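Q: Questions regarding the structure given below will be posed in turn.
The values are calculated or read from the model by the stated rules, or taken from the named source; none is laboratory data. Everything numeric in this text was worked out from a predicted model, so none of it was measured. A quick note on method: Cβ atoms are made from the backbone with ideal geometry, for glycine too, and the neighbour counts reach across all protein chains shown.
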Amino acid sequence: MSAIASLVRAGIQRVKPYASARDEFSGRASIYLDANESPYPTAYNRYPDPHQRLLKEKIAQLRGVEPNQIFLGNGSDEAIDLLLRVFCEPGKDRVVIPQPTYGMYSVSASVNLTEQVTVPLTADFQLNVAALRESTTPNCKLLFLCSPNNPSGNLLRHQDIAAILDFFPGIVVIDEAYIDFADSPGWVPRLPEFQRLVVLQTFSKAWGLAGLRLGMAFASNEIISWLNRIKPPYNINTLTQQIALEKISAPFPAAQIATLKQERARLALQLARLKITKQVYPSDANFLLVRVENANETYAHLLQHEMVVRNRSMVMLCENCLRITVGLPEENTKLIELLGGDW
Ligand SMILES: *Cc1c(COP(=O)(O)O)cnc(C)c1O
C-alpha cells in the first residue's frame, strides 16, 4: 500500500465509486437516452461534466499543474469536508487546527465526529512549531494551515510550514483562499516536493465569484483521486462551470487586486491613527484585523450607520478585534469617517 493509501480510512478504501451515465459514456453521440434527462432543450436539460474537464485544463495551465492534480468542489468547504471524510476515522483519528483560524475546519471535523487538537498561534498569529510538534500523535491525520490566515490576515512563515511538512505524519492542508492578495507564489509550485500536501484555493475572493460556489484543491494525483472517488458525481453545476471558464479565460483582475492592496495600506494607516484603535495587524489578505478599545461598541456604531463588519472579539487571541473587509475606495473612506471624530 502507498504512503497515501495507508492514511485513507479503511471504509473509504472499500467504497466502490458511483459510476454516472457520463462516466460510462463520455464520448460524443447525437442522441442521448442514457441519463433519464428531459429531451426538451432548456440550456440546462443535460447533466454537467462530472469531471469538469475544460475548466480543469484552464486552471492547470494557469497554476502550472496537471489537470489530474485538481479537485473542484462546491466551494472550498466541500473539499474541506471530503478531506475529513477520506482521512479521518470518526472517534479514532484526530485533526490538528492552529487557532484562531477559519471556522469551517472545526465545523467539518465536528460533523465528521473527529477529535480536534487545538494549538494556539503565537501573539503575532504565527505557528508555534514546537507546540504543534508536541501535540502531534500518530493518529493525527490532517492539519489545517490557513495562509494568509483568516481572521488575522497574515501569511504564515514558509520556514515554519516547511518544518511542519517535515514531521507531520498525515496530510497537511494549506488554505490559500487569500493568496492572490499576498506577495507570495504560495505552495502550489512546491507540490512536487511534498507528497502529503494539499493546497486549497477558491474563486470566492480575488476572482469575485463567491456566489458561484467554486473551490479548488491542488495535490498529487493520488490524493485528488481519493477526493473524486467519494464526491457527489455532479457536484459542479453546468452554469458554474461555464461562468468560471469564461472568467478564467479572460485576464486576471489585476487592476482590482492592485487597488484593493493600495486601499488596504491606506486603511491600515488611517485606522491606526484613530483614537479607538489599539492595533492594526499586518495583512496579506483583502481584510484587516483591528483591535479597538471596545469592539462591541464600535460594531454597534457602524451598524447604526448601516455598515457591517465582522466582530471577532469572542475568538481566541482576538479580544476586542474587528475584521474589516477592504471595500471600494469610497466605502473605505466612509468607514474612516464613521470611526473618526466623536461618537
Ligand atoms: C473565504 C474563505 C474560503 C472560501 O470558501 P469557499 O467555500 O470557497 O467560498 C476558504 N477558506 C478561507 C480561510 C476563507 O476565508
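Q: Among the residues of segment 46-64, which ones are of a type outside the set (S, T, N, Q) and surrounded by 21 or more Cβ atoms within 10 Å (Cβ to Cβ)?
A: Restricting attention to segment 46-64, the residues satisfying the condition of being of a type outside the set (S, T, N, Q) are 46-51, 53-60, 62-64.
Those that are of a type outside the set (S, T, N, Q) and surrounded by 21 or more Cβ atoms within 10 Å (Cβ to Cβ): LEU55, LYS56, ILE59.
Q: What are the residues in segment 190-204 that are near the ligand (Cβ under 10 Å from one of its atoms) and buried (at least 22 other Cβ atoms within 10 Å of the Cβ), if any?
A: LEU200, GLN201, THR202, PHE203
Q: Follow-up. Name the residue, out of ASN112, ASN68, that is farther than 28 Å from LEU289 by Cα, polar (S, T, N, Q) and touching a Cys at 6+ places or on another chain (Cβ under 7 Å).
A: ASN112
Q: Let me ask something else about it. For ALA210, are the conditions met, namely being free of Cβ contacts under 8 Å to residues at least 24 places away in the same chain and touching a Gly at 6+ places or on another chain (Cβ under 9 Å)?
A: yes
Q: Between GLN242, GLN262, which is away from the ligand (no atom under 16 Å from the Cβ), under 30 Å from GLU24 (Cα atoms) and without any contact (Cβ under 8 Å) to a residue 24 or more places away in the chain?
A: When all the criteria are applied, what remains is GLN242.
Q: Is there any pair with a first residue in segment 184-204 that is under 20 Å from ASN154 (Cβ atoms) and part of a loop (DSSP other than H, G, I, E, B) and a second that is at pLDDT 95 or above and within 13 Å of the ligand (Cβ to nearest atom) whose Cβ atoms are under 6 Å apart and which are 6 or more apart or on different chains, and what are they?
A: Here the result reads SER184/LEU155; GLY186/GLU176; GLY186/ILE179; TRP187/ILE174; TRP187/VAL199; SER204/ALA210, each pair linking segment 184-204 to a residue that is at pLDDT 95 or above and within 13 Å of the ligand (Cβ to nearest atom).
Q: Quickly run through segment 5-30 and pick out the residues that are surrounded by fewer than 12 Cβ atoms within 10 Å (Cβ to Cβ) and closer than 22 Å to LEU54 by Cα.
A: ALA19, GLU24, GLY27, ARG28, ALA29, SER30
Q: Inspect segment 273-289 for any residue being under 20 Å from the mean Cα position of the chain (by Cα), in a helix (DSSP H, G or I) and not β-branched (Val, Ile, Thr) and give the result as yes or no.
A: No - not one qualifying residue is present in segment 273-289.
Q: Going residue by residue through segment 88-102, is there one that turns out to be assigned to a helix (DSSP H, G or I) and either away from the ligand (no atom under 14 Å from the Cβ) or out of contact with any Phe, Trp or Tyr (no Cβ under 8 Å at 6 or more places or on another chain) (or both)? First the steps, then the outcome.
A: Start the filter on segment 88-102 by keeping residues that are assigned to a helix (DSSP H, G or I), which leaves none.
Taking every residue of segment 88-102 in turn, none turns out to be assigned to a helix (DSSP H, G or I) and either away from the ligand (no atom under 14 Å from the Cβ) or out of contact with any Phe, Trp or Tyr (no Cβ under 8 Å at 6 or more places or on another chain) (or both).
Q: Here are some conditions: (1) within 16 Å of the ligand (Cβ to nearest atom); (2) over 21 Å from GLU89 (Cα atoms); (3) not β-branched (Val, Ile, Thr). ALA109 meets all but one. Which one does it not meet?
A: Exception for ALA109: condition (2).
Q: With crowded, with 17+ Cβ neighbours inside 10 Å and over 23 Å from ALA79 (Cα atoms) as the only criterion, which of LEU132, LEU143 stands out?
A: None of the other options fit; the residue is LEU132.
Q: Right, here's the next one. Does segment 301-311 contain any residue that is in a loop (DSSP other than H, G, I, E, B), in contact with a helix residue (DSSP H, G or I) (Cβ under 8 Å, 6 or more places away or on another chain) and among the acidic types (Asp, Glu)?
A: No; the residues of segment 301-311 include none that is in a loop (DSSP other than H, G, I, E, B), in contact with a helix residue (DSSP H, G or I) (Cβ under 8 Å, 6 or more places away or on another chain) and among the acidic types (Asp, Glu).
Q: Taking into account only those residues within segment 65-80 that are surrounded by fewer than 22 Cβ atoms within 10 Å (Cβ to Cβ) and within 12 Å of the ligand (Cβ to nearest atom), which is farthest from GLN242 (Cα to Cα)?
A: Selected residue: ASP77.
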